[in-house]
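Quick notes on the structure that follows.
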Amino acid sequence: MVFARHGRANVHRAFNDPDAALVCLRRADDVCRTHLLPIQRSFHLTSIAHIDLQQGRIDQALRTYREAIALSRRARHAEGLAQSLRPLGEVLFALGLHDDALPYLQEAALLFAQLEDPAAEAEAWSRTAAILTLAGRSADAQEAWVRVQRLREQLGDMHGQLVALEGLAQAI
């Protein structure tokens, strides 16, 4: 039932009906909370946070991302944790809260490496490298940009490699 509700929420989102999607996701979250299903619940919360963010409820989205992170940590669920850490870090980055975003993005990058997801790892390291560059932490930024470049090379992403090399040049 939980998966069906989440699937239905995705259909509502695809048809640009975020309110109906939230209803489905919150019902799924209630079931997960009642039946103590923290891993599934963390995915529902992350989806709820995405919608809250799209609807301009930034503070609510940040709280919900943090709740999803806490659930994933307690459940020791690396994939859910990485999938919750990265968007929280990206939102904080977009809000200009770079110091707050950095630890979330770094942890997400390390988890994506463990999960062998080079595309997601490269994205997290790219944001990390940008923050380190802005902070004037040249050596750390260079190390992060080199990681991005190697991952983009592994993925065959020539544009991503160029972006990483440009970032590396800025960090020097």
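The values are calculated or read from the model by the stated rules, or taken from the named source; none is laboratory data. None of these values were measured; they are calculated from a predicted model. Please note: Cβ atoms are built from the backbone with ideal geometry, for glycine as well, and neighbour counts cover all protein chains shown. Only protein heavy atoms, including side chains, enter the accessible area calculation; ligands, DNA and RNA are left aside. Shrake-Rupley method; radii C 1.70, N 1.55, O 1.52, S 1.80 Å.
Brief remarks on what is shown
- Flag for residue 132 being out of contact with any Gly (no Cβ under 9 Å at 6 or more places or on another chain) and open to solvent by less than 20 Å² (accessible area, probe 1.4 Å): yes
- Considered as a group, the residues in segment 18-52 that are in contact with a Cys (Cβ under 8 Å, 6 or more places away or on another chain) and under 19 Å from residue 8 (Cβ atoms) include one that is surrounded by the most Cβ atoms within 10 Å (Cβ to Cβ), and that residue is 44.
- Which numbered condition residue 118 fails, given (1) surrounded by fewer than 16 Cβ atoms within 10 Å (Cβ to Cβ); (2) more than 23 Å from residue 38 (Cβ to Cβ): (1)
- Candidates 57, 33, 76 - the one that is closer than 24 Å to residue 97 by Cα, free of Cβ contacts under 8 Å to residues at least 12 places away in the same chain and among the charged types (D, E, K, R): 57
- Here 106, 55 are screened, and the one residue that is among the polar types (S, T, N, Q) and loosely packed, with under 15 Cβ neighbours inside 10 Å is 55.
- Selection status of residue 161, open to solvent by 70 Å² or more (accessible area, probe 1.4 Å), over 23 Å from residue 91 (Cβ atoms), among the polar types (S, T, N, Q) and modelled with pLDDT of 95 or more: no
- Residue pairs meeting the criteria (Cβ under 8 Å; at least 6 apart or on separate chains; first assigned to a loop (DSSP other than H, G, I, E, B), in segment 102-129; second open to solvent by less than 10 Å² (accessible area, probe 1.4 Å)): 115/82; 117/82
- Scan of segment 53-77 for residues that are under 15 Å from residue 22 (Cα atoms) and outside any helix (DSSP H, G or I), ordered by number: 55, 56, 57
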